[in-house]
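This report refers to the structure that appears directly beneath it.
The values are calculated or read from the model by the stated rules, or taken from the named source; none is laboratory data. Note that the structure is a prediction, hence the values are computed from the model and not measured. All Cβ positions, even for glycine, are placed from backbone atoms using ideal geometry, and neighbour counts span all protein chains on display. Each accessible area value is taken on the protein alone, full model and side chains, heavy atoms only, with ligands, DNA and RNA left out. Shrake-Rupley method; radii C 1.70, N 1.55, O 1.52, S 1.80 Å.
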Amino acid sequence: MSSDTTPQADRTESRDQSDDAESALQTVVDQLSEVAEQIDLDPNVVERLSHPNSVYEVTVPIERDDGSIEVFTGYRAQHDSVRGPYKGGVRYNPSITRDECVALSMAMTWKCAVMDIPFGGAKGGVQANPKDLSEREHERLTRRFTHEIGDIIGPMTDIPAPDMGTDAQTMAWIMDAYSTNVGETKPGVVTGKPMSIGGSEGREGAPGRSVALIARKAAEYYDWSLDDTTIAVQGYGSVGAKAARLLDDWGADIVAVSDVKGVRYEPDGIDTMAVPSFEEEPEAVTDDADEVLAPEQLFELDVDMLVPAAIGNVITKQNVYDIQANLIVEGANGPTTHAADAILEERDIPVLPDILANAGGVTVSYFEWLQDINRRAWSSERVNNELDQEMLAAWDDVRTEFEQRPVSWRDAAYIVALSRIGAAYDARGLWP
């Protein structure tokens, strides 16, 4: 065991002092500081990584369908590019903030480094509720936002992707607006596009596929037979539904799935293909269900594995002691608060972190970018095979650190990421 590792009890005590209302940014910075101490990362690199390289705030005025003008606020946070161009999603959400974008851009930096992908982290979005926008308003908003950030994005500088409230069509509008402005078709400026304009096979289902792959590897690691493993999945969107259906195909018993309306609970196992995902039919998970639980009751179910695949900060100090699962695989970005994470460690409930488990999205985004740059499409078989290889390699890297040090799975993933980023800074130095 490494002697420079901070004792787990000290880390737990320190983290337990934090409040569940902690900001996502503070959570990421705290995790950075803790892991940096364990691997003796250069304090100067830690200081640099504690701050984004750039944060842009822009005004996004659009004409509504009734002729009125409404002004929205948009953001783009670019965290670090020491290993390659910035990469990260664009979300449309009325509650998005500057700090949230910074936190998510930092998490994307770690995620790319865990996967050994030559990108750095970025994240952006607009304070808008897509449900309140017509399709024409959505398009106007997207094109104007693209115009406002057009000077800071590009195939070799910053590559957006879909996120909460955005989709392939949104990316098509960004690509078209950007390409029109530069006078040349640039499919590599975004990923997650429609297939007809340079999108990749397998991109939409990639995060769910990676969650399922890591869940299966975790079951193997703890000597569980997947056929005898019970799983509850929070959120039945593109990530949760894909993960649930794959794990179901591989033999696991999916006993609970949920959306904002409630939890569909079937102790003998759910036919996941018969339950519509959010994309197939929004908020229909509990329709015609024999037993429906309140959304919060999903965390109380006695299952082998819990997969939070909805939104961030859903496992907190308020509900962490209700959790009965033996293992957690994070499908969403940041579903566990820093304080709750410490308590789960104390309770010996392993957590496979988001920066590993749901990294399939950015990995296939990288594949899409490669295809766009080389103007050569890959088959779905090649995409899935390459994704599986990358995920298993990342799993092996994280598992090695987990076994060699007295650390959590999350810290092991951070150690892999920060070691690679630190090595890049050592090689490049600081200019001037």
Tabulated pairs, segment 40-68, first under 13 Å from R140 (Cα atoms), second aromatic (F, W, Y) and surrounded by 11 or more Cβ atoms within 10 Å (Cβ to Cβ), C-beta under 6 angstrom, 6+ apart or interchain: V60/F72; V60/F145
Residues (at pLDDT below 95, surrounded by fewer than 24 Cβ atoms within 10 Å (Cβ to Cβ) and either of a type in the set (A, V, I, L, M) or under 24 Å from V292 (Cα atoms) (or both)) located in segment 227-250: D228, G237, S238
Scanning for something over 19 Å from N333 (Cα atoms) and either touching a helix residue (DSSP H, G or I) at 6+ places or on another chain (Cβ under 7 Å) or without any contact (Cβ under 8 Å) to a residue 24 or more places away in the chain (or both), does segment 82-103 turn up at least one residue? yes
Restricting to strands (runs of 3 or more DSSP E) lying wholly in segment 234-310: which have 1 or more residues that are touching a residue at least 60 places away in the same chain (Cβ under 8 Å) and out of contact with any His (no Cβ under 7 Å at 6 or more places or on another chain)? 305-308
Residues in segment 73-86 that are assigned to a loop (DSSP other than H, G, I, E, B) and open to solvent by 10 Å² or more (accessible area, probe 1.4 Å) total 5
Determine the pairs where a residue that is farther than 17 Å from T109 by Cβ and of a type in the set (F, W, Y), located within segment 397-415, has a partner that is open to solvent by 40 Å² or more (accessible area, probe 1.4 Å) and part of a helix (DSSP H, G or I) with Cβ atoms under 8 Å apart, the partner being 6 or more residues away or on another chain. W409/F402
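One line per residue, one yes/no per condition, for (1) open to solvent by less than 20 Å² (accessible area, probe 1.4 Å); (2) at pLDDT 95 or above:
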residue: D42; (1), (2): no, no
residue: V45; (1), (2): yes, no
residue: E57; (1), (2): no, yes
residue: I62; (1), (2): yes, yes
residue: V71; (1), (2): no, yes
residue: G88; (1), (2): yes, yes
residue: L104; (1), (2): no, no
residue: A113; (1), (2): yes, yes
residue: G121; (1), (2): yes, yes
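Could you please find all residues in segment 381-418 being among the hydroxyl-bearing types (S, T, Y) and open to solvent by 40 Å² or more (accessible area, probe 1.4 Å)? Before the answer, list the steps.
Within segment 381-418, the first condition is being among the hydroxyl-bearing types (S, T, Y), and the residues that meet it are 400, 408, 414.
Scanning segment 381-418 gives a single hit, T400.
Please state which one of A377, A310, A289 is closer than 20 Å to I214 by Cα, out of contact with any Leu (no Cβ under 7 Å at 6 or more places or on another chain) and small (G, A, S).
Numbers: A377 fails: closer than 20 Å to I214 by Cα; A289 fails: closer than 20 Å to I214 by Cα.
Answer to the check: A310.
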Go through V189, V233 for me and flag whichever is out of contact with any Asp or Glu (no Cβ under 6 Å at 6 or more places or on another chain), among the aliphatic types (A, V, I, L, M) and under 18 Å from R76 (Cβ atoms). V189
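Out of the residues in segment 300-325 that are open to solvent by 10 Å² or more (accessible area, probe 1.4 Å) and in contact with a strand residue (DSSP E or B) (Cβ under 7 Å, 6 or more places away or on another chain), which is farthest from G165 (Cα to Cα)? I'd like the intermediate steps shown before the answer.
In the first step, residues of segment 300-325 are kept if they are open to solvent by 10 Å² or more (accessible area, probe 1.4 Å); the result is 300-302, 304, 309-314, 316-319, 321-322, 324.
Restricting the remaining residues to those that are in contact with a strand residue (DSSP E or B) (Cβ under 7 Å, 6 or more places away or on another chain) gives 301, 304, 309-310, 314.
Numbers: L301: 30, D304: 31, A309: 15, A310: 13, V314: 19 Å.
The selected residue is D304.
Conditions tested, residue by residue: (1) touching a residue at least 40 places away in the same chain (Cβ under 8 Å); (2) of a type outside the set (G, A, S); (3) closer than 30 Å to A423 by Cα; (4) open to solvent by 70 Å² or more (accessible area, probe 1.4 Å).
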site: E137; (1), (2), (3), (4): yes, yes, no, no
site: T142; (1), (2), (3), (4): no, yes, no, no
site: D158; (1), (2), (3), (4): yes, yes, yes, no
site: T170; (1), (2), (3), (4): yes, yes, no, no
